[in-house]
Amino acid sequence: MGKEFKRTLITSALPYANGPVHIGHLAGVYIPADIYARFLRMCGEEVLFIGGSDEHGVPITIKAKNEGVTPQDIVDRYHKLIKESFEGLGITFDVYGRTTSETHRKTASEFFRRLDSKDEFIKKTTQQLYDPVAGQFLADRYVTGTCPHCGNTSAYGDQCEKCGSSLSPTDLIDPKSALSGSTPEMRDTTHWFLPLDKWEEKLRKWILEEHKEWRPNVYGQCKSWLDLGLQPRAVSRDLDWGIPVPREDAEGKVLYVWFDAPIGYISNTIDCVGDDWEKWWKDPETRMIHFIGKDNIVFHCIVFPAMLMADGTYNLPDNVPSNEFLNLEDDKISTSKNWAVWLHEYLKELPGREDELRYVLTANAPETKDNNFTWKDYQQRVNSELVAIFGNFVNRTNVLLHKYFDGVVPQPGTPALPDVEAERDVRLAVSEMERLIREFRLRDALREAMNVARIGNKYLADCEPWKVAKTDEERLKTIMYFATQIYATLALAFEPFTPFAATKIAESVGIKKLEWDEAGNFNLIAPGTKVEKLPLLFEKIEDSVVETQVNKLLETKRQNMLKDWRPDPVKAEQSIETFDKLDIRVGRVVECEKVKKSKKLLKFVIDDGLDKRVILSGIAAYYEPEQLVGKEVCFLANLPVRQMMGIESHGMILSARNADGTLSVITPSAEVQPGSQVG
């Protein structure tokens, strides 16, 4: 066991206020952090759960420029949306602040001044890309060009979103300014740097020797950075959006967002508890836990701790549980491509199903490796686990209790072996669940919570109270008493994971405060307690619900293909004589039907002005035959006869391949007589 602490400060990575929150954010950071905070509160521990929006940085200024509004307009809009979305999902921040607050501006400025007064920064001049047309230095995201690794022509100066490579602006081929489209040039600029190399040995000892219990992905990434050798890192930027560097010789400079943002944890704490904030940040009896995604590991484990070390008065984090990434339907989640399940849309489109999303994202959490979210898996987990196991036991117990005892918990008799075994198994599951949560193994802990429901279902199946009711009322009382204790225990076991359902169960048995010490206590609900009737906790997800969500994503993918589409290069030059040899005509479709045993072919009967001709075309995936009957189509008339599927085809229907891969038959824009030639 490690050191005992009096209290726990929990932080969750600050989401950029330039867009809504999606399921990748939830699975990686916010649901795990909320589970942990809820559990510690149930244990009666002193907890502070800090969240907030990161409202500075280049992505926000880019979005503002694209929309023709101010950065403040952007952050005001998305801070409100994100905050309300978290509340809708039951994320229980003690404060959800923002880095444009006056408290944060003051806190971040004072933090810089303290380090500056101790000569903890290095001031140096470097070369950076400059836009001569816009008249300003360019942050990495303001530079676009061709990725040197994959050839993507829309790579950013810090990363290629197509292949995932980390880049610097000077790596790009044919770089352009996102502000003016001009070619940037290199110019001198002066900035302040935090010398991470100064703290390298202290960081190495703190992480590699004192925190070997950290997750392998966190420990390994930190070791990799340390083994490569740390370098000074800029803490200022040439921008006009952000907190001004508090120095007289720093006009036009703002604090770099990754110096500014983590200080937001401190300023949000101040906004939450006022003058009492230092006990959460400086008292050695306080334990600090950062919940983050893997893209934030270096900032929370190396950069921010180095800042805290340079100050010298702050605690360092005790653990940094970092999840891997969550993919969506086998593709990487991309905010720029709208390839995501957005929380605010989910809450609107699937109201009352908040617990389902929390459950599925925890059961499928990317704790040790990247994982994949699919709507089919979502449906399967809801229907076969939440409905068929958890909801089933709760509903059966409630219904049986009302059927046999009018909803009143009976006085039990002497426990039999099945009762003793069920109590033992529930206690073991609860104990294991606590151990797993404290080790940040939340996916496994959820499995133990579901095991409690499985134990309950097995208990009812083994004891068969519906049969016992006919012969032994005293035994029936004992069975229903024990079933009710498991029923109530589920409120405690699922409170961190599915809090809306847990609250309904607790209210039905009159529990006003869920306390973890009571979990597995088979005297939790006293005989004589009136249990209220409870509607179904969960409802099955119908295929139509899943189809709607999948089709929504397919349309997003289609729109992305249209946006990214570029025509193929023009083929080699040909003479007009070659073209004249092609006999392209217009014909009217008289008949059209699918070719038997073929998924691709349609059989056309065409009126070509001279006669009727049969043409086969591989467009069955894109048209129903009846859509084409009566239409005029263009066809190539002088091709050799070709036999397919035992049918002779006399020509080729002309069609165009769209950007999304579909085919569209080429038709005249006005009525043309069958047999008319195209040329």
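The values are calculated or read from the model by the stated rules, or taken from the named source; none is laboratory data. Everything numeric in this text was worked out from a predicted model, so none of it was measured. Cβ placement follows ideal geometry from the backbone for every residue including glycine, while neighbour counts extend to all protein chains displayed. SASA here: full protein model, heavy atoms, side chains in, ligands and nucleic acids out. Shrake-Rupley method; radii C 1.70, N 1.55, O 1.52, S 1.80 Å.
Accessible area, 1.4 Å probe, largest first: how do Asp54, Asp94, Asp275, Asp188 sort? Provide the component values of the computation, followed by the final result.
Numbers: Asp54 5, Asp94 70, Asp275 155, Asp188 100 Å².
Ranking Asp54, Asp94, Asp275, Asp188 by accessible area, largest first, yields Asp275, Asp188, Asp94, Asp54.
Given a 1.4 Å probe and every protein chain left where it sits, what share in percent of the accessible area of segment 629-679 is carbon and sulfur?
The nonpolar share, carbon plus sulfur, comes to 51 percent.
Provide the gained length on full extension for the span Asp611 to Gln127, in nm with one decimal, where the gain is 0.36 nm per separating residue minus the Cα-Cα distance. Don't jump to the answer; show the numbers that get you there.
Working: separation 484, 0.36 × 484 = 174.24 nm, distance 7.52 nm.
So the chain would gain 166.7 nm between Asp611 and Gln127.
With a 1.4 Å probe and every protein chain kept in, tell me what percent of the accessible surface of segment 43-159 is carbon plus sulfur.
C and S fraction of accessible area: 45 percent.
Which distance in nm do the two modelled labels at Thr92 and Asp249 give, with both placed 7 Å along the Cα-to-Cβ direction?
Computed distance between label sites Thr92 and Asp249 equals 5.2 nm.
Between Lys205 and Ser598, what length in nm is gained on full extension when 0.36 nm per residue of separation is reduced by their alpha carbon distance? Intermediate results must be reported in sequence, preceding the final value.
Details: separation 393, 0.36 × 393 = 141.48 nm, distance 6.76 nm.
Going from the current span to full extension adds 134.7 nm.
Rank these by accessible area, largest first, 1.4 Å probe: Thr471, Thr190.
Numbers: Thr471 125, Thr190 40 Å².
Solvent-accessible surface, decreasing: Thr471, Thr190.
Quick one: accessible surface of Phe5, probe radius 1.4 Å, all protein chains present, in square angstrom to the nearest 10.
Here the residue's solvent-accessible area equals roughly 70 Å².
Going through segment 406-509, which GluC sites (Glu not before Pro) have at most 16 other Cβ atoms within 10 Å and a DSSP loop state?
Here the sparse-neighbourhood loop sites are Glu439.
Quick one: ranking Tyr16, Tyr314 by accessible area, 1.4 Å probe, largest first, what do you get?
Details: Tyr16 80, Tyr314 25 Å².
Listed by decreasing accessible area, they come as Tyr16, Tyr314.
Compute the FRET efficiency between Lys403 and Asp227 as 1/(1 + (r/R0)^6), taking r as their Cβ-Cβ distance and R0 = 56 Å, and round to the nearest 0.05.
For R0 = 56 Å, the calculated efficiency reads 0.25.
Rounded, prolate or oblate: which one fits segment 571-678, using the alpha carbon gyration tensor with axes a ≥ b ≥ c (rounded when a/c is under 1.5, else prolate when a/b beats b/c, else oblate)?
In terms of gyration-tensor shape, rounded.
Cα gyration tensor of segment 561-608, axes a ≥ b ≥ c as square roots of the eigenvalues: rounded (a/c below 1.5), prolate (a/b > b/c) or oblate?
oblate
Tell me, what is the 1.4 Å probe accessible area of Leu203, in Å² to the nearest 10?
Solvent-accessible area, nearest 10 Å²: 0 Å².
Antiparallel DSSP bridges in the chain: what percent, to the nearest 5?
Roughly 70 percent of the DSSP beta bridges within the chain come out antiparallel.
Compute, for segment 123-247, the length of the dipole vector about the Cα centre, with Cβ point charges of +1 (Lys, Arg) and -1 (Asp, Glu) only. Units Debye, rounded to 20.
Roughly 340 debye, rounded to the nearest 20.
Among Ile615, Gln574, Ile207, whose Cα lies farthest out toward the positive end of the dipole of the chain, if unit charges sit on the beta carbon of Lys, Arg (+1) and Asp, Glu (-1)?
Working it through, the farthest residue towards the positive pole turns out to be Ile615.
Cα gyration tensor of the chain, axes a ≥ b ≥ c as square roots of the eigenvalues: rounded (a/c below 1.5), prolate (a/b > b/c) or oblate?
oblate
Along the charge dipole of the chain, Cβ charges K/R +1 and D/E -1, which of Pro640, Met450, Trp281 sits furthest on the positive end?
Pro640
Return the sequence-ordered ³J(HN,Hα) values of segment 484-497 in whole Hz as given by the Karplus equation 6.51 cos²θ - 1.76 cosθ + 1.60 applied to θ = phi - 60°, using x for Gly and Pro.
These are the phi-based 3J(HN,Hα) values: 5, 5, 5, 3, 5, 4, 5, 4, 6, 5, 9, 3, x, 9 Hz.
So what is the accessible area of the chain per residue, in Å², with the probe set to 1.4 Å?
That works out to 47 Å² for each residue.
What's the ranking of 666-676, 488-498, 351-361, 376-386 by average number of surrounding C-beta atoms within 10 Å, highest first?
Answer by packing, highest mean first, reads 488-498, 351-361, 376-386, 666-676.
Using only DSSP helix segments of four residues or longer, with each worth -39500 (n - 2.57), what per-residue ellipticity at 222 nm results for the chain after dividing by its residue count and rounding to 500? Write out the running numbers ahead of the final one.
Working: 21 runs with 254 residues, N = 679.
Per the formula, -11500 deg cm²/dmol.
What does the charge dipole of segment 27-182 about its Cα centre add up to, to the nearest 20 debye, if the Cβ of each Lys and Arg holds +1 and the Cβ of each Asp and Glu holds -1?
For segment 27-182, the charge dipole is close to 200 debye.
So for segment 225-373, if I pair up every lysine 8 or more residues apart or on another chain, how many of those pairs have alpha-carbons under 26 Å apart?
On the way: Lys294/Lys332; Lys294/Lys337; Lys294/Lys369; Lys332/Lys348; Lys332/Lys369; Lys337/Lys348; Lys337/Lys369.
Lysine pairs, 8 or more places apart or on different chains, close enough: 7.
Suppose every Lys and Arg Cβ carries +1 and every Asp and Glu Cβ carries -1, with no other charges. What dipole size does segment 309-391 come out with about its Cα centre, to the nearest 20 debye?
In total the dipole reaches around 180 debye.
Modelling each spin label as a point 7 Å along the Cα-to-Cβ direction, I'd like the Asn372/Lys106 distance in nm, to one decimal.
According to this spin-label approximation, the distance is 5.2 nm.
Using a 1.4 angstrom probe on heavy atoms only, work out the carbon and sulfur share of the accessible area of segment 276-366 in %.
Reported share for carbon and sulfur atoms: 45 percent.
Once both labels are modelled 7 Å past Cα along the beta-carbon direction, what's the Glu515-Ala670 spacing in nm?
Output for this residue pair reads 8.7 nm.
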